[in-house]
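Q: This structure is in structure tokens; I'll ask about it shortly.
Coordinate-derived values only; no laboratory data. Owing to the predicted nature of the structure, the values given are computational and were not obtained by experimental measurement. All Cβ positions, even for glycine, are placed from backbone atoms using ideal geometry, and neighbour counts span all protein chains on display.
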Amino acid sequence: MVLTRFGIALISLLAVSVIIFWCVEMLPGDAAERILGRNATPEALALLREKLHLDLSAGQRYLRWLTAFLSGDMGTSLVAERPVADYISSRIANTALLSGLALLLYIPVSITLGVLTAIHRGKPVDHAISVVVLVLMCLPEFVIGILLISVFAIKLAWLPPLALIDQARSFGELLELIALPTITIVAAMSAYAVRMMRESLIEVLESSYVLMARLKGLPKRRVLLFHALPNALGPAINITALNVAWMIGGVVVVESVFEFPGIGRLMVDSISHKDVPVILAISMVMTGAYIATNLVADILVILLNPKLR
């Protein structure tokens, strides 16, 4: 299964690179016009296009990029005139920090709330959490971010509205700067996971083997943690993989709202400047992360489920 998925991943990466390249090609103008501006002379544009190899056909430029990429070279940014790998590495690290912190909070929050709603189903706790979850499911991530800024940054003045982490002078200040974007991502992702966890755990708690464990006199906590919860985690892991896939794209919106210097915001800036090598490199990184996440999720589901194992 792993070898098959790996082969499909390579084909998917190639297809994504072709689609992204031609989508960028359909945008009006080119990088030379974006760099020099509207007042550039035709001679200056011609010289810069030749320097950036924009005088070649689209197919030639794509093959040139693909050959370099397969040899481990992501190319050179047309705008920054720096190797793409060096240019995006710090942005990838920033996004990895934000995403990793969000995942560290998302997993215990979604599991805990899902378990609470399942074991207290039909009670006020279940109703209260379910209402909040349904509201969050209906709100886009940028709306959640704007609401958080309005409440915690503007009205209460507890947290900074912008995540300018380059200005952080300590780890505590760094956590304070990325608190709002992290909470935004966690709130957007946890809504679906809590709902899925609740439905899955209720089904497992009503199964015959859980009933048998209870009849044997096992403590409720042991039944929940060692019999019910492992079997209910399968759907939750799958929805987590989908959430991580959403986060790969959704982080672009969140980073733009909070001015976070991550790979998503760099992607938006690169599209506006039509910096094709940077756009393609970021697309490959995002697609690779999406494919790897789904593969890890499938393997975890197999390991947790005795029938599949």
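Q: Which aspartates and glutamates have a Cα lying under 12 Å from the Cα of Lys51, excluding residues fewer than 8 positions away in the same chain?
A: Qualifying aspartates and glutamates at Cα under 12 Å: Glu81.
Q: While we're here: Taking amide H positions as placed 1.01 Å from N in the peptide plane, with prolines and chain starts having none, which residues 5 or more places from Leu159, or on another chain, fall under 5 Å of its amide H?
A: Those qualifying (amide H under 5 Å, at least 5 residues apart or on another chain) are Ala153.
Q: Shifting gears a bit: At most 13 other Cβ atoms within 10 Å and a DSSP loop assignment: could you name the trypsin sites (Lys or Arg not before Pro) in segment 1-73 that fit?
A: Arg38
Q: Against the globular-protein guess of 2.2 N^0.38 Å, express the Cα radius of gyration of segment 43-195 as a ratio, rounded to two decimals.
A: Ratio of Rg to 2.2 N^0.38 Å for segment 43-195: 1.52.
Q: Further question on the same structure: With the Cα gyration tensor of segment 131-188 in hand, convert its eigenvalues to equivalent ellipsoid semi-axes via √(5λ) and list them largest first in whole Å.
A: So the equivalent ellipsoid measures 23, 12, 9 Å along its semi-axes.
Q: Semi-axes of the chain's equivalent ellipsoid from the Cα gyration tensor, sqrt of 5 times each eigenvalue, largest first, rounded to whole Å?
A: That gives 45, 25, 14 Å for the three semi-axes.
Q: Given H placed on each backbone N at 1.01 Å, which residues far from Thr76 in sequence or on other chains put an amide H within less than 5 Å of it?
A: Val84
Q: Right, next: Tilt of helix 263-273 relative to the longest C-alpha principal axis of the chain, in degrees (0 to 90, nearest 10)?
A: 30
Q: Residue by residue through segment 68-75, what is 3J(HN,Hα) from phi via Karplus (6.51 cos²θ - 1.76 cosθ + 1.60, θ = phi - 60°)? Round to whole Hz and write x for glycine and proline.
A: Couplings: 5, 5, 5, 8, x, 9, 7, x Hz.
Q: If you don't mind, another one. For every helix of n ≥ 4 consecutive DSSP H residues, a contribution of -39,500 (n - 2.57) applies; sum these over the chain, divide by its total residues, and give [θ] at 222 nm rounded to the nearest 500 deg cm²/dmol.
A: Computed ellipticity for the chain at 222 nm equals -24500 deg cm²/dmol.
Q: Right, here's the next one. Please give the peptides 167-173, 135-141, 92-98, 182-188 ranked by average Cβ packing (other Cβ atoms within 10 Å per residue), highest first, as a rough proxy for protection.
A: Packing order, densest peptide first, comes out as 182-188, 92-98, 135-141, 167-173.
Q: Need one number for segment 2-70: average projected area of the convex hull over its C-alpha atoms, nm².
A: 5.5
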